[in-house]
Amino acid sequence: MATAVPVERDAVAAGFAGPAEEVGVPGARLDRLVPGGAGPAGLVVDLVAAGVGAALAGASVGGALTAGALRGEPYDLVVSAGIGGGFLPAAPLGTLVVADAVTVADLGAETADGFLPVTELGFGSVTHRPPDSLVRAVSRATGAQVGTVLTVSTVTGTAARAAALRDRHPGALAEGMEGFGVAEAAGLHHVPVLEIRAVSNPVGPRDRDAWRIGDALAALTAGFGKLAPVLESWDTA
């Protein structure tokens, strides 16, 4: 499980693992859930704050995946989790979104005719697709909406930028800053990826008074409180 910052990590831990004492880890803040041991519902889970932005998050997750492989304990799934912006009215504040497509929105080139994604320049990829069966199972268990989650290097702060993103990505429900980097790292290791976002603010004009970070973190905790049985059954299917 990879989040950007510790407060998101702790929100996931609160829902996914319950109180720290229940998994044998002292203290309220967890860097890892039962390192090398069984987590909720018999899962083996590592939870890390991987850093802000696709580059740092991808590097952190790549390092963790490499370390797991070298110690003979490769990972079966990588989850990118956190809060993010939601495209209204489809993804209201405080709701959960699970990605059926993890798409980088601004990797490419600006031209006189508009934006060109990097794939149209002949390089790389712009989208990773999580396992459909897992996405649907997570949605059913948590009530999360299913759609594209965009990865951006700059948080959207204007109506024009929000409209441009929706025009290019009509299926987009949310934006974050780490998902594509995490997915790239997972893809290099041939490990499936999942992205879950709780909506803390509208995608559009920057208005700090409209942010509901506490509600989004609570939604993240509630969602992960329902997730362990889903991940266990999918992993063992």
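The values are calculated or read from the model by the stated rules, or taken from the named source; none is laboratory data. Since the structure is predicted, the reported quantities are computational estimates derived from the model, not experimental observations. Quick reminder, even Gly has a Cβ in these numbers, built from the backbone with ideal geometry, and neighbours come from all protein chains shown. Just the protein is used for accessible areas: all its heavy atoms, side chains included, with ligands, DNA and RNA removed. Shrake-Rupley method; radii C 1.70, N 1.55, O 1.52, S 1.80 Å.
Please find the FRET efficiency linking D132 to A218, where r is the Cβ-Cβ separation and R0 is fixed at 22 Å, and quote it to the nearest 0.05.
Plugging the Cβ-Cβ distance into 1/(1 + (r/R0)^6) gives 0.20.
When all protein chains stay in place, what accessible area (Å², nearest 10, 1.4 Å probe) is found for D167?
Accessible area, nearest 10 Å²: 130 Å².
Tell me which trypsin sites (Lys or Arg not before Pro) from the stretch 164-226 have a DSSP coil assignment and no more than 15 other beta carbons within 10 Å of their own. Provide the component values of the computation, followed by the final result.
Numbers: sites: R166, R168, R197, R206, R208, R212, K226; in loops: R206, R212, K226.
Answer in residue order: R206.
For the stretch 118-176, give the percent of accessible area contributed by carbon and sulfur heavy atoms, probe 1.4 Å, rounded to a whole number.
Carbon plus sulfur share of accessible area: 53 percent.
Pop a pseudo-label 7 angstrom from the Cα along the beta-carbon direction at both T111 and R206 and give the gap in nm to one decimal.
3.0
Can you tell which of A13, A164, A216 shows the greatest fluctuation in a Gaussian network model of the chain with Cα springs below 10 Å?
So, out of A13, A164, A216, the one fluctuating most is A164.
Rounded, prolate or oblate: pick one for the stretch 104-201, where a ≥ b ≥ c are the square roots of the eigenvalues of its C-alpha gyration tensor, a/c under 1.5 means rounded, and failing that, prolate if a/b is larger than b/c, else oblate.
Because a/c hits 1.5 or more and a/b fails to exceed b/c, the stretch 104-201 counts as oblate.
Hey, how many Å between the Cα centroid of the stretch 125-149 and the Cα centroid of the stretch 180-203?
If you average the Cα positions of each part, the centres end up 10 Å apart.
Once you have a ≥ b ≥ c as the square roots of the Cα gyration tensor eigenvalues for the stretch 163-237, tell me rounded if a/c is under 1.5, and otherwise prolate or oblate according to whether a/b is larger than b/c.
Oblate, since a/c reaches 1.5 and b/c is not below a/b.
Pick the calculated Rg and Dmax of the Cα atoms in Å for this structure from (1) 46.7, 165; (2) 18.9, 64; (3) 17.1, 58?
The value computed from this structure is option (3).
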